[in-house]
Amino acid sequence: MTYKKLRVIISGGGTGGHIFPAVSIANKLKEVNPDTEILFVGAEGKMEMEKVPAAGYKIVGLPMVGLQRQISAKNIHNNLKVPFKVGESIRRARRIIREFKPDIAIGVGGFASAPLLYAATRMKIPALIQEQNGFAGLTNKLLAKRVGSICVAYEGMERFFPADKIVLSGNPIRAEIHPYTAEDRAEGLRCYGLTEGKRHLFVVGGSLGAGTLNKAMRAWIEAGCPGGENVEVIWQCGRYYKAGVDEFMAGRDLPAIHYSDFISRMDLAYACADVIVSRAGASSVSEICAAGKAAIFVPSPNVAEDHQTHNAMALVNKGAGMIVRDADAERDLLPTALALLQDPDKIRQIETEVIKLALPDAAQTIVDEVYKLV
């Protein structure tokens, strides 16, 4: 395929699960043709307005806001503003499209992508959406009939989208995530000051952290770390919870527990982990598949349509992972993880199945679909 220079708008965001795949798509577009021009469109005040420029791309914000589903006086007041925000966002999106003159518009989910993709398709611009989760988001379901292609990460998405538009691409992930060698593992052990010959657990709650995973760790530590003999832990608590974890850990002599608010080398943390404990966001699940690692997922209950449970169960149903309910995690999570750590046969069984679900060329598949539409 010839990859000619394109002008591309990528829209969406709100969470890292939308932003990081979008940046991966942009990076691949620039890789196949460095002259391609890319403009991101996001929601004012949201994470993408910081993360996208940090990745080296220009972004324009729309005043778009999402509907708040919990009932409160404040949320009702905010929801009354939504129609006006939508109208203004569509007007601005039209202006952006007229000025930038894109060859194609790409939506990655999140409410910010709705006005841009709506305006683009009304103006006869080819469009593609990428759905990261096993349960389609509202924005992408609304846009499905308007776009030319729908790139998905899970099988069975015909229940949400027209079957003839679906492309099973997988989720674009960081290029450094891959199945790991013994040399990668050794480098990871050195990076995190871990001991060869011990079992290693990686508890990761995302950049902001996950309160439930932190509570589970604290409960286990307070109980005296039962079952933790010969185990070392990398615990990523998140910057939101770091001060509280610092206070909790003060005065405790626990050299086998290595905690921090942020993990800069996720590839090496994956490489040296025997078992991973994680939320079940789309990017996390896709990275764990690509790494070929045994994981226990604790889906967040605080997401739309409970999509993290759907993501996790897509693996669990194929013997490619395990699940602990958020409500049970404080009691059951660490005992479950430690039992798995002591069962190498079970770990190998999960690793064998999870690597089958990896789609490591997702960004390239999506880029090829972009060029087909153009």
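Restricting the range 119-153 to residues that are more than 17 Å from H18 (Cβ to Cβ) and hydroxyl-bearing (S, T, Y), which is farthest from the chain's Cα centre (by Cα)? Looking at residues that are more than 17 Å from H18 (Cβ to Cβ) and hydroxyl-bearing (S, T, Y), I get T121.
Taking the numbered list (1) assigned to a helix (DSSP H, G or I); (2) open to solvent by 40 Å² or more (accessible area, probe 1.4 Å) in turn, Y371 passes all entries but (2).
Within the range 200-223, restricting attention to residues that are open to solvent by 60 Å² or more (accessible area, probe 1.4 Å) and not hydrophobic (A, V, I, L, M, F, W, C), the residue that is farthest from D274 (Cα to Cα) is E222.
Name the one entry in A120, A114 that is in contact (Cβ under 8 Å) with a residue 40 or more places away in the chain, open to solvent by less than 10 Å² (accessible area, probe 1.4 Å), in a helix (DSSP H, G or I) and among the small types (G, A, S).
Of the residues listed, the single one that is in contact (Cβ under 8 Å) with a residue 40 or more places away in the chain, open to solvent by less than 10 Å² (accessible area, probe 1.4 Å), in a helix (DSSP H, G or I) and among the small types (G, A, S) is A120.
From the list A186, A153, pick out the single residue that is open to solvent by 10 Å² or more (accessible area, probe 1.4 Å) and touching a Ser or Thr at 6+ places or on another chain (Cβ under 8 Å). Outline the logic, then answer.
On the way: A186 fails: touching a Ser or Thr at 6+ places or on another chain (Cβ under 8 Å).
Testing whether each residue is open to solvent by 10 Å² or more (accessible area, probe 1.4 Å) and touching a Ser or Thr at 6+ places or on another chain (Cβ under 8 Å) leaves just A153.
Of the residues that sit in the range 102-129 and are of a type in the set (G, A, S) and under 16 Å from I38 (Cα atoms), which one is modelled with the lowest pLDDT? Taking the candidates together, the pick is S113.
Scan the range 236-282 for residues that are at positive phi and either under 19 Å from the mean Cα position of the chain (by Cα) or surrounded by 13 or more Cβ atoms within 10 Å (Cβ to Cβ) (or both) and the total you get is 1. Just so you know, in the range 260-276 the residues that are of a type in the set (D, E) and in contact with a strand residue (DSSP E or B) (Cβ under 8 Å, 6 or more places away or on another chain) include one that is farthest from Y180 (Cα to Cα), and it is D261. Among the residues of the range 181-203, those that are part of a strand (DSSP E or B) and of a type in the set (A, V, I, L, M) comprise L201, V203. Here the condition is being modelled with pLDDT under 80, surrounded by 18 or more Cβ atoms within 10 Å (Cβ to Cβ) and farther than 13 Å from I9 by Cα; of K74, K85, K51, it holds for K85 alone. In the range 94-111, of all residues being farther than 21 Å from S169 by Cβ and touching a helix residue (DSSP H, G or I) at 6+ places or on another chain (Cβ under 8 Å), the one that is most open to solvent (accessible area, probe 1.4 Å) corresponds to R94. For L359, the conditions (1) in contact (Cβ under 8 Å) with a residue 60 or more places away in the chain; (2) open to solvent by less than 20 Å² (accessible area, probe 1.4 Å); (3) in contact with a Cys (Cβ under 8 Å, 6 or more places away or on another chain) are fulfilled apart from (2).
Restricting attention to the range 156-169, the residues that are open to solvent by less than 60 Å² (accessible area, probe 1.4 Å) and in a strand (DSSP E or B) add up to 2. Here L6 meets each of (1) in contact with an Asp or Glu (Cβ under 7 Å, 6 or more places away or on another chain); (2) open to solvent by less than 40 Å² (accessible area, probe 1.4 Å); (3) at pLDDT below 95 with one exception, condition (3).
Of note, Y192 does not satisfy the criterion of being open to solvent by 70 Å² or more (accessible area, probe 1.4 Å) and of a type in the set (F, W, Y).
Of all the criteria given as (1) open to solvent by less than 70 Å² (accessible area, probe 1.4 Å); (2) outside any loop (DSSP other than H, G, I, E, B), the one not satisfied by P172 is (2).
In the range 320-352, what residues are free of Cβ contacts under 8 Å to residues at least 40 places away in the same chain, part of a helix (DSSP H, G or I) and crowded, with 17+ Cβ neighbours inside 10 Å? Listed by number, the list is empty, since nothing qualifies. A count restricted to the range 300-319 and to residues that are under 24 Å from L334 (Cβ atoms), in a loop (DSSP other than H, G, I, E, B) and either in contact with a Lys or Arg (Cβ under 7 Å, 6 or more places away or on another chain) or among the basic types (K, R) (or both) stands at 1.
The values are calculated or read from the model by the stated rules, or taken from the named source; none is laboratory data. In this text the structure is predicted, and so the values were computed from the model without any measurement. Note that we place each Cβ from the backbone using ideal geometry, even for glycine, and neighbour counts take in every protein chain shown. Accessible surface is based on the protein model in full, side chains and every heavy atom, while ligands, DNA and RNA are left aside. Shrake-Rupley method; radii C 1.70, N 1.55, O 1.52, S 1.80 Å.
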